[in-house]
Amino acid sequence: SSTAGDGFAALFTHAVTADRTYTLPDATGTVALGEGAKAWANVSVTPALNDSYNVTSVADGGVGVVTIVIDTDFTNANYAPVVTTTEGGSRIISVSSLATTGFTVNIFDNAGGAIDVAFAMIAFGDQ
């Protein structure tokens, strides 16, 4: 258990700096904080945004093709988007055309034919 004078409580009263580090209360160093998702979206089959964070819009590029437009650009195109279908059944999903402003989602059925399905995406990287 912790008491108010043992430094444990102080750990939670210090501010996180702009560079996402935290200076330990006893000044022995800093701790880098984990990076959370920089963008996420739940996209309907039409496609439209059901809900999102840091995603401005989605654009229909044809059957099985959806462009994700990011609100706050990534620093470079080396970020990591992850996409999964929110509907039943097996699908093949790929990501292409990574740019600082967004990327394209390509969705196929098991036979390799393009198909429109609802999906969710999340992206990690520097902004």
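What the table shows:
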read-out	value
Test result for Val83, hydrophobic (A, V, I, L, M, F, W, C) and surrounded by 12 or more Cβ atoms within 10 Å (Cβ to Cβ)	yes
Those residues of region 116-127 which are open to solvent by 20 Å² or more (accessible area, probe 1.4 Å) and at pLDDT 95 or above, in sequence order	Asp116, Ala120, Ile122
Residue that is modelled with the highest pLDDT [pool: residues in region 11-70 that are in contact with a Pro (Cβ under 7 Å, 6 or more places away or on another chain) and farther than 20 Å from Thr101 by Cβ]	His14
Matching entry among Gly89, Gly102, Gly113 (being farther than 22 Å from Ala37 by Cα and at pLDDT 95 or above)	Gly113
In region 36-80, the residues that are of a type in the set (Ser, Thr, Tyr), open to solvent by 40 Å² or more (accessible area, probe 1.4 Å), in a loop (DSSP other than H, G, I, E, B) and over 18 Å from Gln127 (Cβ atoms)	Thr46
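The values are calculated or read from the model by the stated rules, or taken from the named source; none is laboratory data. Not measured: the values here are computed from a predicted model. Don't worry about glycine lacking a Cβ; one is built from the backbone with ideal geometry, like all the others, and counts go over all protein chains shown. Note: accessible area is taken over every heavy atom of the protein model, side chains too, but ligands, DNA and RNA are not part of it. Shrake-Rupley method; radii C 1.70, N 1.55, O 1.52, S 1.80 Å.
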